[in-house]
Amino acid sequence: MGSKIIKSILFRINKTYEFFFFKIFKSFMKTVIHNDISVTFKIINDLSLYRAKSFSTKEPLTLKWIDKFKDNSCFWDIGANIGIYSIYAKKKHKSLKVIACEPSFFNLNLLSDNININYLSNQIIILPFPLSNNNIVGNFLLGDTRHGGANSNFLDTKKNIKNSYSYLVSGFKGDHIIDNLNLSKPDYIKIDVDGNEMLVLNGLEKYLHDITSILIEIDDPLQDINFLINYFKKFNLIFDSKEEFSNYKTINYIFVRGLS
């Protein structure tokens, strides 16, 4: 009982400190080190601070997956948020081409700042719009308007986002982007789009036959993994591993290219 009370008091003290710190100083920089890779983040609220503090512990399998990327390959980070994995991947693999897709203008602010303060301004391409299964103008809904927030959704595929802030935005097929903007096709794809997974995948099918591995986050733990396994079979991608989060309902699934 005593330890719980102490933890509760320390938690409240920490939250009070963070509140007044942000009110007075507005922002500060925090550097984290993982596997000898140093990444600096701009901290402007409690959520961006949490993302920096939990960098090494929140998704350790994701970091191990990135560590195994091959040289001279291309990584598409779809749903890049504030750039945590895009920046780490580029710093870990100097020859890696990185494309970060993030349509939330709240997150784009921090994403671009983080890329800049890590001296990667000319080395990471930002796509500031959602990827979809068609080139289309549609509603983009934000379930969280904090900088660094998540639970955004394009075309209202989840239909259950509460207190959403929305605006019309152009969405594009990944295939179309690659063909018309002469972007590098992905070897590795990370998808964290809070319900729009199949829209993204359907829009990239032309190039899914060539990718090495894909990591996809699923918010609904009841979704049948067999659906994804069968879907990826036609691209010769097989289930490799998964990462569950004890404090969340999400699961990361990793698929890798099978033997020809």
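What to note about this one:
- Any hit, region 228-245, residues being in a loop (DSSP other than H, G, I, E, B), modelled with pLDDT under 90 and not β-branched (Val, Ile, Thr): yes
- Some residue of region 134-149 being of a type in the set (Gly, Ala, Ser), at pLDDT 95 or above and under 20 Å from the mean Cα position of the chain (by Cα): no
- Verdict on Ile189 being part of a strand (DSSP E or B), at pLDDT 95 or above and in contact with a Phe, Trp or Tyr (Cβ under 8 Å, 6 or more places away or on another chain): yes
- Note on region 144-160: among residues that are of a type in the set (Lys, Arg) and in contact with a strand residue (DSSP E or B) (Cβ under 9 Å, 6 or more places away or on another chain), the one that is surrounded by the fewest Cβ atoms within 10 Å (Cβ to Cβ) is Lys159.
- Selection count, region 117-143, where residues are touching a strand residue (DSSP E or B) at 6+ places or on another chain (Cβ under 9 Å), without any contact (Cβ under 8 Å) to a residue 40 or more places away in the chain, surrounded by fewer than 19 Cβ atoms within 10 Å (Cβ to Cβ) and of a type outside the set (A, V, I, L, M): 4
- For region 204-227, the tally of residues that are touching a helix residue (DSSP H, G or I) at 6+ places or on another chain (Cβ under 9 Å) and at pLDDT 90 or above stands at 10.
- Scanning region 69-91 for residues that are in a loop (DSSP other than H, G, I, E, B) and not small (Gly, Ala, Ser) gives Phe69, Lys70, Asp71, Asn72, Asn81, Ile82.
- Taken residue by residue, region 161-176 has at least one member that is at pLDDT below 90, at negative phi and of a type in the set (A, V, I, L, M).
- Residues of region 65-106 that turn out to be charged (D, E, K, R) and either touching a Cys at 6+ places or on another chain (Cβ under 9 Å) or within 19 Å of Lys42 (Cβ to Cβ) (or both), as a count: 5
- Condition met for Ile211 (within 12 Å of Ile99 (Cα to Cα) and among the aliphatic types (A, V, I, L, M)): no
- Selection status of Ile66, part of a helix (DSSP H, G or I) and modelled with pLDDT of 95 or more: yes
- Restricting region 201-217 to residues that are under 13 Å from the mean Cα position of the chain (by Cα) and not acidic (Asp, Glu), the residue that is surrounded by the fewest Cβ atoms within 10 Å (Cβ to Cβ): Ile216
- Within region 218-232, none of the residues are surrounded by 14 or more Cβ atoms within 10 Å (Cβ to Cβ) and at positive phi.
- Subset of region 43-83 (residues that are buried (at least 21 other Cβ atoms within 10 Å of the Cβ) and over 23 Å from Ile216 (Cα atoms)): Ile43
- Residues of region 171-190 that are under 21 Å from Lys70 (Cα atoms) and buried (at least 22 other Cβ atoms within 10 Å of the Cβ): Pro186, Tyr188, Ile189, Lys190.
The values are calculated or read from the model by the stated rules, or taken from the named source; none is laboratory data. Keep in mind that this is a model prediction, so the values were computed, not measured. Neighbour counts run over all protein chains shown; Cβ positions are idealised from the backbone, glycine included.
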